[in-house]
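A short write-up of the structure that comes next.
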Amino acid sequence: MSVIDPRDQLICLRAGDDLSESGGMVLPPIAQASIFRKETMEELHRELGQEHLATVYSRGTNPTVRVLERTLAELERGEACKCFASGMGAIGALLFGLLKAGDHVLFVNDIYGPTLQLAQKLEDFGVSHDHILGGSVEEVAAALRDETRMIYLESPGSMLFGRVDVEGIAALAKARGVLSAIDNTVSTPLLQKPITLGVDLVIHSCSKYIGGHSDAIGGALVGPEDLLERIFYDAYLLLGARMPPFEAWLFLRGLMTLPARMERHRADGLEVARFLKAHPAVARVFHPELEGNAGAHSGLFSFELGEGGFQRAVEVANRLKLFGNAVSWGGAESLVMTGHKFDPAGGPEPRLPASLLRLSVGLEGAQALIDDLAAALG
Ligand SMILES: Cc1ncc(COP(=O)(O)O)c(C=O)c1O
């Protein structure tokens, strides 16, 4: 049975097919222009006053990027969207645009490493943060401070893919007058719609499944119009991490096949995860759907080897033929990545198991991937 909302199927397929802007082309033209000339100076002045809506200069609004923004907003059931040069560009603009010195951010669950590094950097500017791993409403409530302005979630979390009570935490944030934001990259807008669960702002790295072909870097923020407008003027225009029109076009092309790809990534990922769970050389598999948690999951998950620690994980990765050794994920080709970059043995007990391996299950077919894993695990 399909896990994709039929409405989303059509939104994705018609992503760039806006007759009013593209004259019937099935994808919009790539608006490769830095500036947009106006008939009169008065018109230019008027549009400069609403640059978040008007095409004046491509560091602000660009017609091709705008088609992608409209599509992502529709898929997330949000009011507005802004696209960025990368997922980190989006996260940076979110924090920089909505916070000021004296504010506090609470990060909940396993958070993408560079996001926490950025939070650390913001401490230099007077924005403090805490990071908690327990994601129950009670644990989050206990960690809130008077100065907390934002709760920032990842669910499923990075690397171990644990879920938290997104709806409960969003309700808590609303009750306490705190903004809530979630990095929804792993689920894509198709498998989880945080805004319908009460979350204010949704972050995406488009570089993963949305692009889907490992050929483009981009990011997006979706949320209420007033917040997106604030982020536009207070961060987006000033930091300059804008998405180029060609990348927007690649992401629109990616969206056309996103529903079909996600069905396949999910089904094959689940089959590979089940195989690993039953394998004697595997200690644990970190895959939320396998654990019986509600909600469909993508093709990204991790597992821990029973014996051999970090060195054995490196050995297994090197023996795999169909899983490439590469960072990132979400493309057509399967990838493997160790949880650690060096052997944590001898140091304090690491949070991620020493022998953790993360897999991004691509489109080679579940059986071929299982055969490859069986051979590598020996
Ligand atoms: C969960 C998550 N969020 C954000 C990012 C950052 O995205 P980008 O690489 O497009 O800046 C990544 C990248 O790996 C990620 O895995």
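Here are the numbers for this structure:
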| quantity | calculated |
| --- | --- |
| Residues that are within 20 Å of Leu197 (Cβ to Cβ), at pLDDT 95 or above and open to solvent by less than 30 Å² (accessible area, probe 1.4 Å), drawn from the stretch 118-140 | Val140 |
| For His265: the one exception among (1) crowded, with 20+ Cβ neighbours inside 10 Å; (2) of a type outside the set (A, V, I, L, M, F, W, C); (3) assigned to a loop (DSSP other than H, G, I, E, B) | (3) |
| Conditions (1) within 12 Å of the ligand (Cβ to nearest atom); (2) surrounded by fewer than 24 Cβ atoms within 10 Å (Cβ to Cβ); (3) touching a residue at least 60 places away in the same chain (Cβ under 8 Å): number failed by Leu191 | (1) |
| Unmet requirement for Val199, which otherwise passes all of (1) open to solvent by less than 30 Å² (accessible area, probe 1.4 Å); (2) within 13 Å of the ligand (Cβ to nearest atom); (3) in a loop (DSSP other than H, G, I, E, B) | (2) |
| Test: Thr40 is among the β-branched types (Val, Ile, Thr), buried (at least 16 other Cβ atoms within 10 Å of the Cβ) and at pLDDT 95 or above | no |
| Qualifying residues in the stretch 163-177 (those that are in contact with a Leu (Cβ under 8 Å, 6 or more places away or on another chain) and in contact (Cβ under 8 Å) with a residue 40 or more places away in the chain) - the one nearest to Ile231 (Cα to Cα) | Ile169 |
| Test for Gly306: is it surrounded by fewer than 16 Cβ atoms within 10 Å (Cβ to Cβ) and touching a strand residue (DSSP E or B) at 6+ places or on another chain (Cβ under 6 Å) | yes |
| Residues of the stretch 284-300 satisfying the condition of being surrounded by 14 or more Cβ atoms within 10 Å (Cβ to Cβ) and small (Gly, Ala, Ser) | Gly295, Ala296, Ser298, Gly299 |
| Filter result (within 16 Å of the ligand (Cβ to nearest atom), part of a strand (DSSP E or B) and open to solvent by 10 Å² or more (accessible area, probe 1.4 Å)) within the stretch 175-188 | Asp183 |
| Residue match in the stretch 60-77 (condition: at pLDDT 95 or above, assigned to a loop (DSSP other than H, G, I, E, B), within 30 Å of His265 (Cα to Cα) and assigned by TED's automatic domain parsing to the domain that holds Val186) | yes |
| Unique match (being in the same structural domain as Arg77 (by TED's automatic domain parsing), more than 24 Å from Val164 (Cα to Cα), of a type in the set (A, V, I, L, M) and not in a helix (DSSP H, G or I)) among Ala235, Ala248, Ala216, Ala220 | Ala216 |
| Looking only at the stretch 211-220, and only at residues there that are in contact (Cβ under 8 Å) with a residue 60 or more places away in the chain and within 12 Å of the ligand (Cβ to nearest atom), the one that is most open to solvent (accessible area, probe 1.4 Å) | Ile217 |
| Residue selected from the stretch 309-331 under the condition of a type in the set (Lys, Arg) and surrounded by fewer than 17 Cβ atoms within 10 Å (Cβ to Cβ), by the criterion farthest from Leu255 (Cα to Cα) | Arg319 |
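The values are calculated or read from the model by the stated rules, or taken from the named source; none is laboratory data. Treat the numbers as computed from the prediction; the structure is a model and nothing was measured. A quick note on method: Cβ atoms are made from the backbone with ideal geometry, for glycine too, and the neighbour counts reach across all protein chains shown. Quick note on the areas: whole protein, heavy atoms, side chains included, nothing else; ligands and nucleic acids left out. Shrake-Rupley method; radii C 1.70, N 1.55, O 1.52, S 1.80 Å.
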